[in-house]
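Shown next, in structure tokens, is the structure this report addresses.
The values are calculated or read from the model by the stated rules, or taken from the named source; none is laboratory data. These numbers come from a predicted model, not from an experiment. Heads up, the Cβs are rebuilt from the backbone with ideal geometry, glycines too, and the neighbour counts pull from every protein chain shown.
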Amino acid sequence: MGVRWDAVVQDREFWSEAAPPSIRAQAACVKSSVQVWLFGSLANGAERPVNLEFRGPFCVADVVAKLGNLYGTAFLDRVTDSAGAIIRNCRVFVNGQAVDDATTPIQIDAPHADIELILLTAAEGG
Amino acid sequence: MNDMTAATNLLNKGDDAWVPTSCAICYGSCSILAHRVDGVIVKVEGNPDSVVGKGRQCGKGAAGIMSHYDPNRLTKPLRRTNPKKGMDEDPRWKEIGWDEALDEIATVLKRVRAEDPRKLLIQRTTTVTASRNPLYAFGNAFGTPNYSTAGGGLHCGNGAHLISGIMHASWSVVPDFSYCNYAIYFGASKGHGAGHAAASNMALAAEARVRGMKMVVVDPMCNFASAKATEWVPLRVGTDAALALSMCNVLVNELAIYDGPYLQAKTNAPYLIGPDKRYVRDTATNKPLVWDGATGAARPFSDVPPADMALQGDFEANGVACQPAFQKLKDHLKKFTPEWGESITTVPTANIRRIAGEFGREARIGSTIMVQGVNLPYRPVAAIAFRGSQGHMNSTYAFYAIDLLNELVGASDVVGGCLGFNPACNGFPDTGRLRYVPKPDPDGLMITGMWMTYHYPYPIGEPRLPKLMGLQDLFPLGMTSPFLHSDDSEDLWDRFDLPYRPEVMINFGANLLMSIGNKDVVARSLAKYKFMVSIDLFETETSRFADIVLPDCGYLQTLDSRSNFPFIFSLPAGMGEWCWPIRQPVVPPDGEQRRFQDILLELADRIGFRADLNAAFNATMDIAPECRLQGDRRYTWEEICDADLKGNFGPKHDLEWFKEHGVIKWPKNPEEVYWRPFVDVRVPIYWEFLVPLAEKTAAIAEPRGLKIPAEYYEPMPNHLPCLSHCCKAPGFDFYAFYYRDSIQANSFTMENPWLDETAKLDPYSYTIAVNADVGKSKGLRDGAPVWVESETGRKVKGRVKLTQAIHPEGLGIAACAGHWGDGMPVAKGKGVFFNELLELDWNHASPINFNLDLCAKVKVTPVEGVQ
């Protein structure tokens, strides 16, 4: 009796995430091309794929910002919140891998990367 | 299209096979074995190899075979020839071919998708859990955000699921049956034949009672859980929050029983609250401040060891007077005296004190226990809640107040305590897939690791001018919305300048006319749809409003790769095994029945959005990168299920492997089940986020003439009366409510002849329960036909059952009964249709989470001239 809650557990490593892969430095002059595939309601009126180019390191947030330049604030309103962060139910996949943190740098080993964006159902009950 | 080769082969004469699959008579989706002889299913039993059901089966599951072979099942597509839609309109069905049906549907959908895809509403039943992903994927690919899940959410989930998510990172909560010694159920029936993990929990609850777990059931009616309880605590309908708050007050202010170290380390109890009811934040980091007792200064919560965080006292930080959230809560609770509690709930003061004391002492605060070699906090008490206490406008505060009992004593996701259903999973060992765990937001508060959709319960979404028919984007705590079908929906859409109106509905199996509220209100809404498709097993009251009805395959004819995922829904909580079952066809379709999944794939091809649908399946099911659906390739449903399974469990575990084995299992670790000590997250005992939410919601709603009641958005819970509590009209003496009958699942099973027979033998299933003493004093007698009339003049008729097993002010009606349509003849005219009494509008829905008020003050009068 009387043991502090936070003193009970000995092994706190069980849930530790694997170390994130090191971010490979990209020279500022390196040009990357990505194909962006917009699906569902985001595809409305947009070409598919959208071809974008980046110089130097970039992340999903940069991709969304470029799409905002292309398709305007109406697009950004649908995929970002008032603070500019990508909303949770806008799912982003880079080369098939789900990306939850929009600031994660995108590594490009192939000639180009495929990036998919789709808005998913927000609400559920039952 | 309709590739049912495997099922067709199941017609072989001379076969005798037990096929592992999954039930879908209710959303519990227990694992079953279907015994097929010469192509005919002769029996269904629980599958002992599966954790989901643990080899047990409820009466509904056993009777499922009769639903499957019901001669009233739909077998051909039907087209309406009567353009008029209404309660008394005959659709004048004409049988049509699949090509004609799908062509017409595709033409309409193609037009709507081009105009504005949001005009499509996807509606589904809660009963078939596995329908979620295919219908989500279709809606997401089509481009509509409008989606609804029948009445389930409105009747319980907007309170219970949301707050289970915020406080336990799960869809629902349950006692840790293997270790709990004292469980209090507030209007819940977990472990008594219904609900999430129904059959598994039956076994676990029974074993817990044999072991000696004391079970106290708070409920206006003594039925499925209370009848088996150690103690039944009858209370006035809709007052659960008042009882829970009184108990919290006894614990904190009378007995000083609370788990200080838990509150310091795992909740926002130490966070300093300023005069504006908001956190006092560090000016440099914006983190909430706590008072550091070691240094005598306010510091960001992340910089202070929990043991040094003050829980009580008056401080000054950033130039303002402030107190820890726990001090605020402690002071707030003082007004909820047991005497006050008795006046609201009718539960005697002495009982409130006794039960609170028993709960607090049995919590054994500060104790630990070894589980599989791991030393863990031990708090063998749990307070759980579900539909009964949640079926009211006050459901947010009711669940919040009830869960505070757990939080105060630290009995939250620890051994013996109140568990969420599997909030953390370390993944399938061979692939690492399916791993999820809660994580902290910048304020240190918990974000769930898994949810039923991608809009998590916390952080609370930012209110916006609505673009959704259901207005959930303005009211982000609302999940299922009443405003899809309410009488005032058009008025609300006008107020908020909704830029479109619904035109088309695809309904999968939901009987909206029965499952939401008053049928005339819902009927008016359905009649407005320009085009409605209903994919159904039977011609229901709702499908009679459809333009085209498509005959679905039943659960013994269909395939689902994930009949029980996510694990937060219906996999039993507590130690044991992770388990992933599938559903597979046991027999082929009858007549021209087709699986709804095939129908959706075919429609996508005809409309021309298969690439979007493939992408949507990839996203909604999070299919592994190496197995993702590619481009616009026309995958069959079998191929999609195969990709899902191989992606999660590796190439060896493909669909064929699962068809043979039925389930895959692997052991749970104590660090997964009792994850909370291992994960650095906190839960809110003080809901600071409601303060800005109220301001932002009001800023949008009130200039448009919709008043937001501030009392629903206070950061600490209160008892808010239901509308029925405010009714003072003479003669209206009873609080009418309905309760889940454990032998029925929603309105669907009323058609089952075995369950009908069972219901006829049950004194309560088809009757109106009234307290015997009160009934006799009013001249009522057993079996007498009566009218039950609400204050607004809504009426239902039924026969009285006098009983001591109901609160004197209560009037209990079982299940979702009272079918009136001809398409389900066994169900027709059986039982009482309670929802007829319910209003469906803004005034009768919670202004914070949309929960409908599922009680009505009623008067009871004998039916004249009938004995």
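Using the structure shown, decide if B:ILE743 is part of a loop (DSSP other than H, G, I, E, B) and closer than 30 Å to B:GLY59 by Cβ. Walk me through it before giving the result.
Working: part of a loop (DSSP other than H, G, I, E, B): yes; closer than 30 Å to B:GLY59 by Cβ: yes.
It is true that B:ILE743 is part of a loop (DSSP other than H, G, I, E, B) and closer than 30 Å to B:GLY59 by Cβ.
Identify, please: which residue in segment B:593-619 is in a loop (DSSP other than H, G, I, E, B) and touching a helix residue (DSSP H, G or I) at 6+ places or on another chain (Cβ under 8 Å) and is, among those, farthest from B:GLN123 (Cα to Cα)?
First, the residues of segment B:593-619 that are in a loop (DSSP other than H, G, I, E, B): B:593, B:595, B:608-609.
Within this subset, residues satisfying the condition of being touching a helix residue (DSSP H, G or I) at 6+ places or on another chain (Cβ under 8 Å) are B:595, B:608-609.
Details: B:ARG595: 17, B:GLY608: 22, B:PHE609: 20 Å.
Going through the qualifying residues, I end up with B:GLY608.
Please list, ordered by first then second residue, the pairs with beta carbon atoms under 8 Å, 6 or more apart or interchain, first in segment A:34-56 and more than 9 Å from chain B (Cβ to nearest Cβ) and without any contact (Cβ under 8 Å) to a residue 60 or more places away in the chain, second in a loop (DSSP other than H, G, I, E, B) and of a type outside the set (Val, Ile, Thr).
A:ARG55/A:ALA28; A:ARG55/A:CYS29; A:GLY56/A:GLN26; A:GLY56/A:ALA27; A:GLY56/A:ALA28; A:GLY56/A:CYS29
In segment B:625-639, which residues are part of a helix (DSSP H, G or I) and within 14 Å of another protein chain (Cβ to nearest Cβ)? First the steps, then the outcome.
Taking segment B:625-639 first, the residues part of a helix (DSSP H, G or I) are B:625-627, B:637-639.
Of everything in segment B:625-639, those that are part of a helix (DSSP H, G or I) and within 14 Å of another protein chain (Cβ to nearest Cβ) turn out to be B:PRO625, B:GLU626, B:CYS627.
State yes or no: is B:LEU474 assigned to a loop (DSSP other than H, G, I, E, B) and aliphatic (A, V, I, L, M)? Before you say what the answer is, go through the steps one by one.
On the way: assigned to a loop (DSSP other than H, G, I, E, B): yes; aliphatic (A, V, I, L, M): yes.
So B:LEU474 fits the description; yes.
Would you please name the residue that is surrounded by the most Cβ atoms within 10 Å (Cβ to Cβ), looking only at residues in segment B:240-265 that are farther than 30 Å from B:HIS725 by Cα and touching a Pro at 6+ places or on another chain (Cβ under 8 Å)? Step through it out loud before you land on a result.
If we filter segment B:240-265 for residues that are farther than 30 Å from B:HIS725 by Cα, which is where we start, we get B:255-265.
From what is left, the residues that are touching a Pro at 6+ places or on another chain (Cβ under 8 Å) are B:261-265.
Values: B:PRO261: 22, B:TYR262: 28, B:LEU263: 26, B:GLN264: 25, B:ALA265: 23.
Once the filter is applied, the top-ranked residue is B:TYR262.
In segment B:1-107, which helices (runs of 4 or more DSSP H) lie fully inside it and hold 2 or more residues that are farther than 21 Å from B:GLY191 by Cβ and modelled with pLDDT of 95 or more?
Details: elements: B:5-8, B:59-62, B:64-68.
Per the criteria, B:64-68.
Being in a loop (DSSP other than H, G, I, E, B), modelled with pLDDT under 95 and more than 21 Å from B:LEU109 (Cα to Cα) narrows it down to one residue among B:ASP622, B:ASP590; which is it? Full working, then the answer.
On the way: B:ASP590 fails: modelled with pLDDT under 95.
Only one candidate passes the filter, namely B:ASP622.
Give just the number: which of (1) in contact with a strand residue (DSSP E or B) (Cβ under 8 Å, 6 or more places away or on another chain); (2) surrounded by 24 or more Cβ atoms within 10 Å (Cβ to Cβ); (3) away from chain A (no Cβ under 11 Å) does B:LEU121 not satisfy?
B:LEU121 satisfies all of (1) in contact with a strand residue (DSSP E or B) (Cβ under 8 Å, 6 or more places away or on another chain); (2) surrounded by 24 or more Cβ atoms within 10 Å (Cβ to Cβ); (3) away from chain A (no Cβ under 11 Å) except (2).
Test B:ILE163 against the criterion of being surrounded by fewer than 24 Cβ atoms within 10 Å (Cβ to Cβ) and either more than 7 Å from chain A (Cβ to nearest Cβ) or closer than 25 Å to A:GLY45 by Cα (or both), and give yes or no.
Working: surrounded by fewer than 24 Cβ atoms within 10 Å (Cβ to Cβ): no; either more than 7 Å from chain A (Cβ to nearest Cβ) or closer than 25 Å to A:GLY45 by Cα (or both): yes.
Judged against the criteria, B:ILE163 is not a match.
Please give the helices (runs of 4 or more DSSP H) falling wholly within segment B:640-718 in which 3 or more residues are over 27 Å from the mean Cα position of the chain (by Cα).
Values: elements: B:655-661, B:670-673, B:690-701.
So the answer is B:655-661, B:690-701.
Which condition number in (1) more than 10 Å from chain A (Cβ to nearest Cβ); (2) surrounded by 23 or more Cβ atoms within 10 Å (Cβ to Cβ) is the one that B:ARG433 fails?
B:ARG433 satisfies all of (1) more than 10 Å from chain A (Cβ to nearest Cβ); (2) surrounded by 23 or more Cβ atoms within 10 Å (Cβ to Cβ) except (2).
With respect to B:TYR456, determine if the residue is within 14 Å of chain A (Cβ to nearest Cβ) and surrounded by fewer than 19 Cβ atoms within 10 Å (Cβ to Cβ). So that I can check it myself, show each step before the final result.
Values: within 14 Å of chain A (Cβ to nearest Cβ): yes; surrounded by fewer than 19 Cβ atoms within 10 Å (Cβ to Cβ): no.
So B:TYR456 fails the test.
Going through B:PRO588, B:PRO581, B:PRO566 one at a time, which residue ends up being surrounded by fewer than 24 Cβ atoms within 10 Å (Cβ to Cβ) and either farther than 29 Å from B:PRO71 by Cα or within 22 Å of the chain's Cα centre (by Cα) (or both)?
Working: B:PRO588 fails: either farther than 29 Å from B:PRO71 by Cα or within 22 Å of the chain's Cα centre (by Cα) (or both); B:PRO581 fails: surrounded by fewer than 24 Cβ atoms within 10 Å (Cβ to Cβ).
So the residue among B:PRO588, B:PRO581, B:PRO566 that is surrounded by fewer than 24 Cβ atoms within 10 Å (Cβ to Cβ) and either farther than 29 Å from B:PRO71 by Cα or within 22 Å of the chain's Cα centre (by Cα) (or both) is B:PRO566.
Looking at (1) under 27 Å from B:ARG524 (Cβ atoms); (2) more than 25 Å from the chain's Cα centre (by Cα); (3) not charged (D, E, K, R), find the lone condition where B:HIS807 falls short.
(1)
With the condition kept exactly as written, say whether any residue in segment B:511-525 is more than 22 Å from the chain's Cα centre (by Cα) and either among the β-branched types (Val, Ile, Thr) or more than 29 Å from B:ARG79 (Cβ to Cβ) (or both).
Checked against the condition, which is being more than 22 Å from the chain's Cα centre (by Cα) and either among the β-branched types (Val, Ile, Thr) or more than 29 Å from B:ARG79 (Cβ to Cβ) (or both), segment B:511-525 yields at least one hit.
Quick one: is A:VAL63 at pLDDT 90 or above, under 10 Å from the mean Cα position of the chain (by Cα) and either surrounded by fewer than 18 Cβ atoms within 10 Å (Cβ to Cβ) or within 23 Å of B:ASP612 (Cα to Cα) (or both)? So that I can check it myself, show each step before the final result.
Working: at pLDDT 90 or above: yes; under 10 Å from the mean Cα position of the chain (by Cα): yes; either surrounded by fewer than 18 Cβ atoms within 10 Å (Cβ to Cβ) or within 23 Å of B:ASP612 (Cα to Cα) (or both): yes.
Considered against the rule, which asks whether it is at pLDDT 90 or above, under 10 Å from the mean Cα position of the chain (by Cα) and either surrounded by fewer than 18 Cβ atoms within 10 Å (Cβ to Cβ) or within 23 Å of B:ASP612 (Cα to Cα) (or both), A:VAL63 comes out as yes.
For segment B:531-585, how many residues are assigned to a loop (DSSP other than H, G, I, E, B), of a type in the set (D, E, K, R) and touching a helix residue (DSSP H, G or I) at 6+ places or on another chain (Cβ under 6 Å)? Lay out the reasoning, then the answer.
First, pick out the residues of segment B:531-585 that are assigned to a loop (DSSP other than H, G, I, E, B): B:537-542, B:546-547, B:553-559, B:561-566, B:571-576, B:582, B:584-585.
Filter once more, keeping what is of a type in the set (D, E, K, R): B:539, B:541, B:547, B:562.
With the extra rule that they be touching a helix residue (DSSP H, G or I) at 6+ places or on another chain (Cβ under 6 Å), the set shrinks to B:541.
The number of residues fulfilling the criteria is 1.
Please specify each residue of segment A:76-89 satisfying the condition of being surrounded by 19 or more Cβ atoms within 10 Å (Cβ to Cβ) and either closer than 23 Å to A:ARG55 by Cβ or within 11 Å of chain B (Cβ to nearest Cβ) (or both). It would help to see each step written out before you state the result.
The initial filter retains those residues of segment A:76-89 that are surrounded by 19 or more Cβ atoms within 10 Å (Cβ to Cβ), namely A:79-80, A:86, A:89.
Passing the criteria: A:THR80, A:ILE86, A:ASN89.
Within segment B:606-622, restricting attention to residues that are surrounded by fewer than 22 Cβ atoms within 10 Å (Cβ to Cβ), within 33 Å of the chain's Cα centre (by Cα) and more than 7 Å from chain A (Cβ to nearest Cβ), which residue is nearest to A:ARG91 (Cα to Cα)?
As a first pass, look at segment B:606-622 and keep what is surrounded by fewer than 22 Cβ atoms within 10 Å (Cβ to Cβ): B:606, B:608, B:610-611, B:622.
Subsequent filtering for residues that are within 33 Å of the chain's Cα centre (by Cα) retains B:610-611, B:622.
Subset that is more than 7 Å from chain A (Cβ to nearest Cβ): B:610-611.
On the way: B:ARG610: 18, B:ALA611: 16 Å.
Looking at the filtered set, the residue picked out is B:ALA611.
If you check B:ALA363, B:ALA398, B:ALA383, B:ALA411, which single one turns out to be among the aliphatic types (A, V, I, L, M), buried (at least 24 other Cβ atoms within 10 Å of the Cβ) and farther than 29 Å from B:ASN669 by Cβ? Walk me through it before giving the result.
On the way: B:ALA363 fails: farther than 29 Å from B:ASN669 by Cβ; B:ALA383 fails: farther than 29 Å from B:ASN669 by Cβ; B:ALA411 fails: farther than 29 Å from B:ASN669 by Cβ.
Checking each option against the conditions leaves just B:ALA398.
Return a yes/no flag: does segment B:604-611 have any residue that is of a type outside the set (Val, Ile, Thr) and touching a Gly at 6+ places or on another chain (Cβ under 8 Å). Spell out how you get there, then give the answer.
Kept after step one, since they are of a type outside the set (Val, Ile, Thr), are these residues of segment B:604-611: B:604-606, B:608-611.
After this cut, where a residue has to be touching a Gly at 6+ places or on another chain (Cβ under 8 Å) as well, the list is B:611.
Taking every residue of segment B:604-611 in turn, at least one turns out to be of a type outside the set (Val, Ile, Thr) and touching a Gly at 6+ places or on another chain (Cβ under 8 Å).
What is the residue count in segment B:147-180 for residues that are assigned to a helix (DSSP H, G or I) and among the aromatic types (Phe, Trp, Tyr)? Step through it out loud before you land on a result.
Filtering segment B:147-180 for residues assigned to a helix (DSSP H, G or I) gives B:152-168.
Add one more test, that the residue is among the aromatic types (Phe, Trp, Tyr), and what stays is none.
Number of matching residues: 0.
For B:GLY143, all conditions in the list (1) within 12 Å of chain A (Cβ to nearest Cβ); (2) within 30 Å of B:THR239 (Cα to Cα) hold save one; what is the number of the exception?
Unmet condition: (2).
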